[in-house]
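Working notes for the structure below.
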Amino acid sequence: MSEKNAANRLNSYVNGKKLVLERMFEAPRELVFKTFSESEHLANWWGPTGWTTENKSFDFKPGGVWHFCMTCEDKNQKDFYGQKSWGKVTYHEIIVPEKIVYTDTFSDEEGNVSSNAPKQLITINFEEQSGKTKLIIQSQFESEEALKVVIEMGLKEGMASQFNDLDEYLKQLSN
(Lines give C-alpha, C1' and ligand atoms only; values in the text may rest on other atoms or scores of the structure.)
Protein backbone atom coordinates (compact mmCIF):
# COMPACT_ATOMS: atom_id res chain seq x y z
CA MET A 1 0.00 0.00 0.00
CA SER A 2 1.40 3.36 -0.96
CA GLU A 3 1.88 6.04 1.67
CA LYS A 4 -0.92 8.13 0.11
CA ASN A 5 -3.38 5.21 0.17
CA ALA A 6 -2.45 4.40 3.75
CA ALA A 7 -3.17 7.99 4.78
CA ASN A 8 -6.57 7.92 3.06
CA ARG A 9 -7.73 4.58 4.38
CA LEU A 10 -11.03 4.32 6.23
CA ASN A 11 -10.51 3.95 9.97
CA SER A 12 -13.36 2.70 12.12
CA TYR A 13 -14.22 1.76 15.66
CA VAL A 14 -17.33 0.83 17.61
CA ASN A 15 -18.33 2.49 20.87
CA GLY A 16 -21.50 0.87 22.24
CA LYS A 17 -24.32 1.68 19.79
CA LYS A 18 -22.11 4.04 17.76
CA LEU A 19 -19.93 3.33 14.74
CA VAL A 20 -17.26 5.97 14.05
CA LEU A 21 -15.61 6.21 10.63
CA GLU A 22 -12.72 8.55 9.83
CA ARG A 23 -11.23 9.28 6.42
CA MET A 24 -8.88 11.93 5.00
CA PHE A 25 -9.52 13.49 1.57
CA GLU A 26 -7.00 15.36 -0.58
CA ALA A 27 -9.37 18.29 -1.18
CA PRO A 28 -10.44 21.48 0.61
CA ARG A 29 -13.27 21.23 3.12
CA GLU A 30 -15.65 23.45 1.11
CA LEU A 31 -15.36 21.16 -1.92
CA VAL A 32 -15.84 17.95 0.09
CA PHE A 33 -18.86 19.51 1.82
CA LYS A 34 -20.30 20.48 -1.58
CA THR A 35 -20.16 16.84 -2.72
CA PHE A 36 -22.42 15.94 0.22
CA SER A 37 -24.76 18.93 -0.10
CA GLU A 38 -25.63 19.12 -3.81
CA SER A 39 -27.80 16.57 -5.58
CA GLU A 40 -25.80 16.39 -8.82
CA HIS A 41 -22.59 15.72 -6.88
CA LEU A 42 -24.10 12.98 -4.71
CA ALA A 43 -25.40 11.17 -7.78
CA ASN A 44 -21.84 11.00 -9.11
CA TRP A 45 -20.24 9.13 -6.19
CA TRP A 46 -22.75 7.94 -3.57
CA GLY A 47 -23.06 4.19 -3.09
CA PRO A 48 -20.66 1.27 -3.19
CA THR A 49 -18.44 0.79 -6.24
CA GLY A 50 -20.45 -0.78 -9.05
CA TRP A 51 -23.69 0.88 -7.96
CA THR A 52 -25.27 4.04 -9.40
CA THR A 53 -27.42 6.49 -7.48
CA GLU A 54 -30.51 8.27 -8.75
CA ASN A 55 -31.96 11.05 -6.63
CA LYS A 56 -35.76 11.04 -6.61
CA SER A 57 -35.90 14.13 -4.39
CA PHE A 58 -33.32 16.28 -2.65
CA ASP A 59 -34.01 19.15 -0.26
CA PHE A 60 -30.82 20.03 1.62
CA LYS A 61 -32.08 21.97 4.64
CA PRO A 62 -33.08 21.10 8.21
CA GLY A 63 -36.31 19.10 7.89
CA GLY A 64 -35.56 18.43 4.22
CA VAL A 65 -35.50 14.95 2.70
CA TRP A 66 -33.19 13.20 0.27
CA HIS A 67 -34.89 10.16 -1.30
CA PHE A 68 -32.69 8.05 -3.57
CA CYS A 69 -32.25 4.68 -5.23
CA MET A 70 -28.97 2.81 -5.61
CA THR A 71 -28.84 0.19 -8.39
CA CYS A 72 -26.13 -2.44 -8.83
CA GLU A 73 -24.82 -2.25 -12.40
CA ASP A 74 -21.75 -4.47 -11.91
CA LYS A 75 -22.34 -7.98 -13.33
CA ASN A 76 -19.36 -9.21 -11.28
CA GLN A 77 -21.41 -8.64 -8.11
CA LYS A 78 -23.52 -11.64 -9.23
CA ASP A 79 -26.61 -11.86 -6.97
CA PHE A 80 -26.58 -8.09 -6.38
CA TYR A 81 -26.57 -7.27 -10.12
CA GLY A 82 -29.78 -5.38 -10.96
CA GLN A 83 -30.75 -5.05 -7.30
CA LYS A 84 -32.24 -1.72 -6.20
CA SER A 85 -31.84 -0.28 -2.73
CA TRP A 86 -33.99 2.70 -1.78
CA GLY A 87 -32.93 5.09 0.96
CA LYS A 88 -34.33 8.11 2.71
CA VAL A 89 -32.38 10.78 4.57
CA THR A 90 -34.01 13.43 6.75
CA TYR A 91 -31.72 16.36 7.56
CA HIS A 92 -31.73 17.76 11.10
CA GLU A 93 -28.79 20.16 11.34
CA ILE A 94 -26.54 21.75 8.72
CA ILE A 95 -23.59 24.03 9.46
CA VAL A 96 -21.87 24.97 6.17
CA PRO A 97 -19.10 23.69 5.64
CA GLU A 98 -18.57 22.02 9.02
CA LYS A 99 -21.33 19.60 9.91
CA ILE A 100 -24.34 17.64 8.66
CA VAL A 101 -26.68 15.70 10.97
CA TYR A 102 -29.36 13.43 9.53
CA THR A 103 -31.38 10.26 9.99
CA ASP A 104 -30.64 7.55 7.41
CA THR A 105 -33.17 4.78 6.73
CA PHE A 106 -34.04 2.21 4.11
CA SER A 107 -37.29 2.98 2.30
CA ASP A 108 -39.41 1.90 -0.63
CA GLU A 109 -39.88 3.69 -3.93
CA GLU A 110 -42.60 5.90 -2.45
CA GLY A 111 -40.38 6.96 0.47
CA ASN A 112 -42.10 4.84 3.12
CA VAL A 113 -39.49 3.95 5.75
CA SER A 114 -38.76 0.25 6.16
CA SER A 115 -39.74 -0.74 9.70
CA ASN A 116 -37.60 -3.88 9.79
CA ALA A 117 -34.27 -2.28 8.81
CA PRO A 118 -31.99 -0.42 11.22
CA LYS A 119 -32.05 3.36 11.10
CA GLN A 120 -29.11 5.56 11.99
CA LEU A 121 -28.63 9.07 13.31
CA ILE A 122 -25.54 10.25 11.46
CA THR A 123 -23.31 13.20 12.30
CA ILE A 124 -20.66 14.12 9.73
CA ASN A 125 -17.95 16.57 10.72
CA PHE A 126 -15.73 18.11 8.04
CA GLU A 127 -12.37 19.20 9.52
CA GLU A 128 -9.99 21.38 7.51
CA GLN A 129 -6.39 20.18 7.83
CA SER A 130 -3.85 22.10 5.73
CA GLY A 131 -5.94 22.12 2.56
CA LYS A 132 -7.18 18.57 3.10
CA THR A 133 -10.37 17.40 4.77
CA LYS A 134 -10.77 14.91 7.57
CA LEU A 135 -14.24 13.41 7.57
CA ILE A 136 -15.52 12.06 10.88
CA ILE A 137 -18.79 10.16 10.63
CA GLN A 138 -20.60 9.03 13.77
CA SER A 139 -23.49 6.63 13.17
CA GLN A 140 -25.72 6.15 16.22
CA PHE A 141 -27.96 3.07 16.14
CA GLU A 142 -31.00 2.19 18.25
CA SER A 143 -29.19 -0.83 19.71
CA GLU A 144 -25.90 -2.69 19.58
CA GLU A 145 -27.76 -5.47 17.75
CA ALA A 146 -28.89 -3.04 15.02
CA LEU A 147 -25.30 -1.86 14.61
CA LYS A 148 -24.12 -5.46 14.33
CA VAL A 149 -26.71 -6.18 11.60
CA VAL A 150 -25.51 -3.23 9.51
CA ILE A 151 -21.84 -4.15 9.94
CA GLU A 152 -22.65 -7.71 8.83
CA MET A 153 -24.43 -6.24 5.78
CA GLY A 154 -21.05 -4.78 4.75
CA LEU A 155 -21.45 -1.16 5.81
CA LYS A 156 -17.73 -0.55 6.40
CA GLU A 157 -16.68 -2.18 3.11
CA GLY A 158 -19.36 -0.26 1.22
CA MET A 159 -18.30 3.03 2.78
CA ALA A 160 -14.63 2.35 2.00
CA SER A 161 -15.41 1.71 -1.70
CA GLN A 162 -17.77 4.69 -1.82
CA PHE A 163 -15.07 6.97 -0.41
CA ASN A 164 -12.56 5.67 -2.96
CA ASP A 165 -15.08 6.72 -5.63
CA LEU A 166 -15.42 10.11 -3.91
CA ASP A 167 -11.62 10.49 -4.06
CA GLU A 168 -11.74 10.00 -7.84
CA TYR A 169 -14.68 12.37 -8.19
CA LEU A 170 -12.91 15.07 -6.16
CA LYS A 171 -9.90 14.76 -8.49
CA GLN A 172 -12.20 15.36 -11.49
CA LEU A 173 -13.71 18.44 -9.83
CA SER A 174 -10.26 19.83 -9.00
CA ASN A 175 -9.02 19.62 -12.61
Subset of Lys17/Lys171; Lys56/Lys119; Lys78/Lys132; Lys99/Lys119; Lys78/Lys148 violating a 30 Å alpha-carbon distance limit
Lys17/Lys171; Lys78/Lys132
A chain fully extended from Lys99 to Asn11 at 0.36 nm per residue, minus the present Cα-Cα distance, gains in nm 29.8 nm
Kyte-Doolittle cut-off -0.5, length cut-off 27 Å along the helix's own axis using Cα: show which whole DSSP H helices in the chain pass.
none
222 nm [θ] for the chain, helices only, -39500 (n - 2.57) per DSSP H run of 4+, per residue, to 500?
-8500 deg cm²/dmol
Descending packing, highest mean Cβ count within 10 Å first, for 36-45, 73-82 is 36-45, 73-82
Rounded accessible area of Thr53 (nearest 10 Å², 1.4 Å probe):
20 Å²
Please report the accessible area of Met159 (heavy atoms, 1.4 Å probe, ligands and nucleic acids excluded) in Å², nearest 10.
30 Å²
Counting only residues 5 or more places away or on other chains, whose amide H sits under 5 Å from the amide H of Lys119 once H atoms are built in the peptide plane?
Glu142
Carbon and sulfur: what percent of the chain's accessible surface (1.4 Å probe)?
47 percent
So what J values fall out for segment 100-115 if you push phi through Karplus, 6.51 cos²θ - 1.76 cosθ + 1.60 with θ = phi - 60°, rounded to Hz, Gly and Pro as x?
9, 10, 7, 9, 10, 9, 7, 9, 9, 4, 8, x, 6, 5, 6, 7
Solvent-accessible area per residue, Å², over the chain with all protein chains present [probe radius 1.4 Å]:
54 Å²
Within the under-15-Å Cβ sphere about Leu173, not counting Leu173, Lys/Arg +1 and Asp/Glu -1 give a net charge of -3
So what is the orientation-averaged projected area of segment 1-103, using the convex hull of its C-alpha atoms, in nm²?
8.4 nm²
Give the peptides 10-21, 161-172 in descending order of average Cβ contacts within 10 Å, highest first.
161-172, 10-21
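The values are calculated or read from the model by the stated rules, or taken from the named source; none is laboratory data. In this text the structure is predicted, and so the values were computed from the model without any measurement. Cβ: placed from backbone, ideal geometry, glycine included. Neighbour counts: every protein chain shown. Just so you know, the surface numbers come from the protein's heavy atoms only, side chains and all, with ligands and any DNA or RNA stripped out. Shrake-Rupley method; radii C 1.70, N 1.55, O 1.52, S 1.80 Å.
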